[in-house]
């Protein structure tokens, strides 16, 4: 049977005009601590609960981005947002007070790329002028929802990743200044048969491979066409699997590859096992570290590939495996 | 403070080419039982669990729609899908075996309108040729996730709605035959301060009012411009609130209004309290009842407004209220 190829969308008219990131204490103590716009002093950030704190992360991130862009809510046309919480409440509770038209998305940790891709489609086609992409994740709200109550003190396995307490927000328009979103490839759900709740990297590597391969093919590019191929968040285990999958095709991407899950923490110094994860991980790293470098021209062209493990405790308890997905967004200085 | 107006998107080039619906036994015994493409004989539909059964609903609905459109998966370019299950597993597990590029969305019961709206944007702008919108809900999987385990036998309140066991799938392209999607208005999150898990209609009425009002304003239309204004799913309580909100503006929409939650069941004969709900409710009613009538010209122009209660048991337990959202899609014979 032949398989669906999908399309890679091309954009001539979509810029990321401003962006911002807000992170938790642990992320603020990591190697990129000085690049974030705001660092919470504790994981609750003056709220009563972790879930409310996560909602605040999104609110603050979007507010910072709007302040930088000198935009008030009535000048915004649309928000794409999502997060890991059930019913995506980080987004709905965090962003409701802006009263901006809102489209919720769910792509697990691939959410920020999904939001950027959709925002680029909408801006490039002229449906909207200013469109935002916002996502978050929170270590404490995610652990108790997906794995164990934190008080239980469960031992974490070496393959487990640390959900970043972080949010990122970007505002897109057609301002014709860098960074530009030039292309995007939507991922297909890939099920590698992984059933281990603590091995998300392995569940996502196949999806990343599929999306990156199709993006290369549709755009006539190869690893050397990009200064960096940024994944978020395969962690160490998933990154190694990705290299192996490409090696079978005789393609080496290791030299050009960086993973947000491996960048956000200092794994020697911080006890995060296989690296960071969560929608907020790559969102905050894109907004804190990468977008500014593409704007300045230090990076000419990057491929951002956010990967999501569509993991459901309910389905895993019923013996189901964990499907993965990855969406790619090509971001360029020119 | 002035408030964000948002934009109403106009489409000249987006048709709904085929559609299909699959429902459970109770829905099949309702007044529209003979209009659905397939009726499951029991709520598990040959699967082991309700969640797996819900995933099957989506799979079957999309397969029926693709069969009618004579399309194989490799001719499909994109799916927008979502559902009520945590991590939207009805969609990811149900649709993964098609290997079609997939963008997950979350809008609670507004999901089908959100999917149609985004699919129309993508087709109209020429990004894709064939794009599908798919959603589902399942009474049993939803009850245990959002309220109580079914075995507990909790008494249902009069304001509670019955989550429909149902899925709908539509395929959009630019075939230039009716029904056409002519316009769409994205909803803003509205929080009316409702904290009662069993009163979703009230939580959504304000959102429906806001979106419909803005759609009227942006398109220069009024209730009489439409043969029907179809909401999904306000139920009886929410519908009455919607009439009241419009009456304050001197606008009467009751004569033109129908609610999928009130249509799908026979409330005299079936014990469903305030009516049906769930993403699958309006999705299946659109696909079974309304789209064919717009195609034939029996209905010239309808406004489909799917409403979602962005309700999280976690947030409600923490004292939070239930925000609502509604997205509008204008569907026309010409």
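Computed from the coordinates by the stated procedures, all read-outs in this text should not be read as laboratory data. Only a predicted model underlies this, so the values are computations on that prediction, with no experimental measurement involved. Here the Cβ is made from the backbone with ideal geometry for all residues, glycine too, and neighbour counts use every protein chain on show.
What average count of beta carbons from other chains do you get within 10 Å of the Cβ of residues in B:51-62?
Details: counts 6, 4, 0, 0, 2, 0, 0, 0, 0, 0, 0, 0.
Mean shielding count: 1.
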Between A:222, A:289, A:64, where does the largest GNM mean-square fluctuation fall for chain A, given springs only between Cα atoms within less than 10 Å?
A:222
Would you mind pulling out the separation of the Cα centroids of segment A:171-210 and segment A:296-334, in Å?
3
May I ask you to report, in nm to one decimal and beginning with the shortest, the distances from residue A:29 to the same position in the other copies, taking label points 7 Å along Cα-to-Cβ?
6.0
What is the distance in Å between the Cα centroid of segment B:96-160 and that of segment A:3-78?
26
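So what is the relative contact order of segment B:13-173, in percent, for Cα pairs below 8 Å that sit 6 or more residues apart? Before the final figure, lay out each step's value.
Numbers: 332 pairs, mean separation 53.1, N = 161.
Contact order relative to length: 33 percent.
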Which residue, A:71, A:263, A:95, has the most motion in a Gaussian network model of chain A that connects Cα atoms within less than 10 Å?
A:71
Just need the relative contact order of segment A:193-334 here, percent rounded to a whole number, with Cα pairs under 8 Å and 6+ apart.
35
Can you give me the distance in nm between label points at residue B:67 and residue A:72, each placed 7 Å from the Cα along the Cα-to-Cβ direction?
5.6
Label model pair residue A:152, residue A:271: point-to-point distance (7 angstrom along the Cα→beta-carbon line) in nm is 1.8
Sequence gap at least 6, Cα distance under 8 Å: using those rules, report the relative contact order of chain B to the nearest whole percent.
25
Rounded to the nearest 500, what is the 222 nm mean residue ellipticity of chain A from helices alone, with -39500 (n - 2.57) per DSSP H run of 4+ residues and division by all residues?
-9500 deg cm²/dmol
Of B:134, B:316, B:228, the most mobile residue in a GNM of chain B (C-alpha springs, cutoff 10 Å) is B:316
What are the distances, in nm and sorted shortest first, from the label point of residue A:48 to the label points of the same position in each other copy, with each label point placed 7 Å from Cα along the Cα-to-Cβ direction?
4.0
Just to confirm the numbers: residue B:266, label point 7 angstrom along the Cα-Cβ line, distances to the other copies in nm, shortest first?
7.2
